[in-house]
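Each remark here refers to the structure printed beneath this line.
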Amino acid sequence: QEQFVESGGGLVQPGGSLRLSCRVSGILFSISNMGWFRQDSGEQRELIASITGDSGRVDYADSVKGRFTVSRDNTKNMMYLEMTSLKPDDTAVYYCNSIRGTFSWGQGTQVTVSS
């Protein structure tokens with residue numbers, strides 16, 4: 001069964017940085033197009049970054065473009081999200097999944113940006 005385990009969240013001041021990790025099991029990770037999502041309380045979950053399985057092509061939502069970087073290590077079944085210049089609006093629970101959110105969701109990791 002597929003499993004996604006997110007980690008690396010925390011409390012950070014505006015302008016700070018965090019690196020999130022996603023450990024994946026139970027799927028053919030190396031060929032899977034993957035995504036990072038986030039959900040703030042009362043809001044819908046949104047896709048903010050994606051990376052293809054074959055070419056590693058990346059794409060970002062406008063809200064994070066230029067500040068976040070998604071990467072993956074197919075040898076370790078891991079995906080990462082490097083977040084810089086964090087803003088209070090980035091506060092949310094962050095999740096990883098296939099780019100279409102096909103699989104069961106993990107618990108996510110909380111990111112709180114506040115002074």
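The values are calculated or read from the model by the stated rules, or taken from the named source; none is laboratory data. In this text the structure is predicted, and so the values were computed from the model without any measurement. Neighbour counts are summed over all protein chains in view; Cβ atoms, including those assigned to glycine, are modelled from backbone coordinates with ideal geometry. The accessibility values were calculated without ligands, DNA or RNA, using every heavy atom of the protein model including side chains. Shrake-Rupley method; radii C 1.70, N 1.55, O 1.52, S 1.80 Å.
Computed values, structure above
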quantity: Förster radius 41 Å - calculated FRET efficiency between GLN13 and SER55, Cβ distance, rounded to 0.05; calculated: 0.70
quantity: Listed residues ASP40, ASP62 arranged by accessible area, highest first, probe 1.4 Å; calculated: ASP62, ASP40
quantity: Accessible area in the full protein assembly, largest first, 1.4 Å probe, for ILE48, ILE99, ILE27; calculated: ILE99, ILE27, ILE48
quantity: Probe 1.4 Å, accessible area per residue of the chain, Å²; calculated: 54 Å²
quantity: Whole-number D in µm² s⁻¹ for region 36-101, Kirkwood Cα-pair radius fed into Stokes-Einstein, 37 °C, 0.692 mPa s; calculated: 264 µm²/s
quantity: Considering only the chain, percent of DSSP beta bridges that pair antiparallel, nearest 5; calculated: 90 percent
quantity: Under the Karplus curve 6.51 cos²θ - 1.76 cosθ + 1.60, θ = phi - 60°, whole-Hz ³J(HN,Hα) for region 24-36, x wherever Gly or Pro sits; calculated: 10, 9, x, 9, 7, 4, 4, 10, 8, 7, 10, x, 9
quantity: Average projected area [Cα convex hull, the chain], square nanometres; calculated: 6.5 nm²
quantity: Extension gain, THR112 back to SER25 (0.36 nm per residue minus Cα-Cα distance, nm); calculated: 28.6 nm
quantity: Other-chain or far-sequence residues with amide H under 5 Å of PHE103's (modelled H); calculated: SER98
quantity: Net charge over other residues, Cβ less than 14 angstrom from the Cβ of ASP90 (K, R count +1; D, E count -1); calculated: -1
quantity: Residues whose placed amide H lies under 5 Å from that of GLY53, excluding near-sequence neighbours; calculated: ASN33, MET34
quantity: Two-site label geometry, GLN1 and THR84: point separation in nm, points 7 Å out along Cα→Cβ; calculated: 4.0 nm
